[in-house]
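Here the structure comes first, spelled out in structure tokens, and everything after it is commentary.
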């Protein structure tokens with residue numbers, strides 16, 4: 001057995017064991033605190049809502065365990081099991097140019113993996129989410145979304161992938177520098193185009209009609225020095241009962257978006273406080289920092305790939321006999337997550353710190369009490385657990401646990 005095969009299997013086993021252990025801790029911790037609402041929330045969250053959140057968290061976590069097990073099986077099937085070799089042999093046998101065959105190898109492998117994952121996705125949407133009252137989707141809408149996603153992948157992703165594969169084969173040893181520049185430029189372009197050209201393909205965006213709320217929000221943006229191309233309400237209720245708010249786009253194409261479910265459940269003061277939090281991310285340059293971090297990590301990853309694609313043991317150790325730019329890129333995409341597990345808690349730590357900074361910003365430009373009451377409603381309406389396992393949340397949560405976040409805001413208010 002190839003030495004790298006042993007290393008790969010050890011990394012997969014270790015990452016799966018860590019995730020299984022953390023998930024088991026989370027489920028046990030949530031179950032153990034199901035019978036009683038935490039003291040800080042007893043006046044605002046009923047026992048019934050708290051228990052619904054606990055049951056929802058446990059149900060999602062249990063499904064997540066199955067999903068991770070299936071993911072490991074699929075990874076091994078397509079690598080050491082010979083799946084990638086089978087797909088590559090099919091496309092290479094068609095006599096196409098190497099770049100086009102490479103695009104076919106990568107996209108068809110990813111499509112096959114998505115099809116394998118489809119039953120779990122359907123179960124989550126139409127059984128789990130339905131059981132807890134969140135699903136608003138229909139089979140027809142689900143199928144339309146899936147086909148549209150595949151269509152966009154072919155229309156946008158295929159040409160980009162073809163360009164990257166061509167660069168890998170034509171530029172020379174430092175191809176990864178040019179490929180990185182292309183990917184970063186594409187990322188910026190998509191960020192600019194998403195609110196205007198892509199998002200409307202999936203949802204309807206209506207300008208905010210409530211004059212009182214719009215005036216309050218415009219005054220907040222003026223105080224914060226934020227300029228937007230519009231304030232929109234998205235029909236999120238078409239698919240889900242969950243609520244959210246965000247701003248999207250870059251440059252002059254920025255938009256503020258509220259889910260209609262959120263607008264219907266929060267007061268004007270609470271919506272203003274939620275938006276102040278989102279603006280805090282912008283004003284504290286969190287989006288830019290995350291983009292720069294992603295750019296540095298992707299540059300490092302492409303540099304590593306540039307070295308690995310010239311090593312025979314890389315292909316042989318992962319069960320692939322057909323060595324090409326496409327199989328190298330595909331193997332790197334599939335095999336790197338187990339080796340980068342250590343990055344997950346580090347990234348989550350910085351994201352939680354950014355959330356605290358955005359909350360602090362919001363408390364300076366809106367009332368902390370309004371943000372607290374908005375968050376409590378969001379926890380309740382989205383069935384978010386109030387009692388996560390500390391270690392699990394430290395590893396996985398991009399937002400601080402509810403009790404910690406509320407305590408921080410109440411301290412600001414006092």
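Any read-out appearing in this document is the output of simple, stated calculations on the displayed coordinates, not a laboratory observation. Values in this document were obtained by computation on a predicted structure and should not be read as measured data. Neighbour counts are summed over all protein chains in view; Cβ atoms, including those assigned to glycine, are modelled from backbone coordinates with ideal geometry.
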Can you tell me the 0 to 90 degree angle between the C-alpha axis of helix 175-193 and the longest principal axis of the chain, rounded to 10?
30 degrees
For the Cα atoms of the chain, what angle does the longest principal axis make with the long axis of helix 343-365, in degrees from 0 to 90, nearest 10?
30 degrees
Quickly estimate the mean residue ellipticity at 222 nm for the chain, helices only: each DSSP H run with n ≥ 4 gives -39500 (n - 2.57), and the total goes over all residues, rounded to 500.
-22500 deg cm²/dmol
Output the antiparallel fraction of DSSP beta bridges having both residues in the chain, as a percent to the nearest 5.
65 percent
Taking 132, 259 and counting other C-beta atoms within 10 Å, the order from fewest to most:
132, 259
Can you give me the Cα centroid spacing of segment 158-232 and segment 22-52 in angstrom?
38 Å
Could you tell me how many cubic angstrom of Cα convex hull volume segment 269-414 has per residue?
135 Å³
From the P(r) of segment 103-210, could you give the percentage of C-alpha pairs in the tail past 25 Å?
43 percent
Using only the C-alpha atoms of the chain, find the volume of their convex hull and express it per residue in Å³.
144 Å³
Using R₀ = 22 Å, calculate the FRET efficiency as 1/(1 + (r/R₀)^6) where r is the Cβ-Cβ separation of residue 369 and residue 51; round to 0.05.
0.25
If I model a spin label at residue 244 and residue 267 as a point 7 Å from the Cα along the Cα→Cβ vector, what separation in nanometres do I get?
2.7 nm
Let's test the formula: R0 of 56 Å, r as the Cβ-Cβ distance of residue 185 and residue 131. What FRET efficiency results, to the nearest 0.05?
0.80
Stretch gain in nm, segment residue 235-residue 289, where the contour uses 0.36 nm per residue and the Cα spacing is subtracted
16.4 nm
Cα radius of gyration and Dmax for segment 25-135 (Å)
21.4, 69
Express the relative contact order of segment 320-414 as a whole percentage, based on alpha carbon pairs under 8 Å and six or more residues apart in sequence.
38 percent
Running a GNM on the chain with Cα contacts under 10 Å, which residue among 206, 340, 125 ends up with the highest mean-square fluctuation?
340
With axes computed from alpha carbons, what is the tilt in degrees of helix 3-32 against the longest principal axis of the chain, rounded to the nearest 10 within 0 to 90?
20 degrees
Picking from 378, 100, 297, which is most flexible by a Gaussian network model of the chain using Cα springs under 10 Å?
297
Stretched fully, the stretch from residue 144 through residue 398 gains (0.36 nm per residue minus C-alpha distance, one decimal, in nm) 88.4 nm
